[in-house]
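Notes to accompany the following structure.
Only the coordinates and a few stated rules stand behind these numbers; no lab work does. This one's a predicted model, so the numbers in the text were calculated from it and none came from an experiment. Positions of Cβ are backbone-derived with ideal geometry, glycine not excepted, and every protein chain shown enters the neighbour counts.
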Amino acid sequence: MSNWVAKRFWKAATVTEAEGGFGVALDGRAVKTPAKAPLIVPSRALAEAIAAEWDAQVEKIDPGSMPVTRGANAAIDKVRTQHAEVAALIAEYGGTDLLCYRAEAPEALIARQAAAWDPLLDWAETVLGARLTVTQGVVPVAQPAAAQAALSARVAALDAFELAALHDLVGITGSLVLGLAVALGRLDAATAWDLARIDEAWQIEHWGADDEAEAQAALKREALLAAERFWALHHS
């Protein structure tokens, strides 16, 4: 197995203007995506964040410390080339949205879920035109076709960079409603994280925390916050 690691070879990363947006150059040499496409992003703020990530590398390049760069690469190399498929994949979460599946017991947990999640479902009906059906337990419940169509249309209208961010906002929380709520400014990602983990928080309160699970959760939370930032930078 090779132990080769890419090392820093440039002195400065700068933002450049390019057709269709903004790029990043390392000592004047344009950065490209892993698929060798020009790394051109729609906003200067996004390009500046990418340049800052490259400038922050020390001796060895650590992709794990470059979430904005990774997001842009995904948008260009993956989402843009299969936009319809990615949009459909994200929209499918509306059919099994976390907020629709409630505990059967105890009453205190049922009440906690309702107090936290019902306002978001009301928001989805008012703002997104999607009234989703709530059930207890884990047996799948069919969602109204009109609601799923409204959610699918909303997702399909997003551009590649928005979809790249929404993919993580939705996938990490398990909820299309929560993901769209963060994207559209209804709530922040930190709040969405807490809302998505009501069941886990309940278990921890009553049975204690597992160190390994908590470490994994911390990484997911960090990724969720990074997706929120990516969306915001795209719209700056």
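Can you name every residue in region 104-113 that is under 17 Å from V138 (Cβ atoms) and in a helix (DSSP H, G or I)?
If the condition is that a residue be under 17 Å from V138 (Cβ atoms) and in a helix (DSSP H, G or I), then L109, I110, Q113 are the ones that fit.
Out of the residues in region 44-70 meeting the condition of being part of a helix (DSSP H, G or I) and polar (S, T, N, Q), tell me which one is nearest to L233 (Cα to Cα). Out of the qualifying residues, it is T69. Quick check, is D188 touching a residue at least 60 places away in the same chain (Cβ under 8 Å) and acidic (D, E)? So D188 does not fit the description; no. Within region 117-138, is even one residue buried (at least 17 other Cβ atoms within 10 Å of the Cβ) and not hydrophobic (A, V, I, L, M, F, W, C)? Checked against the condition, which is being buried (at least 17 other Cβ atoms within 10 Å of the Cβ) and not hydrophobic (A, V, I, L, M, F, W, C), region 117-138 yields no hits at all.
The residue list E59, E92 contains one member that is under 23 Å from V182 (Cα atoms) and of a type outside the set (S, T, N, Q), which is E92.
Within region 205-216, the only residue that satisfies the criterion of being under 21 Å from S175 (Cα atoms) and of a type in the set (A, V, I, L, M, F, W, C) is A213.
Would you check which residues across region 35-80 are among the acidic types (D, E) and touching a Ser or Thr at 6+ places or on another chain (Cβ under 8 Å) and list them?
E53, D77
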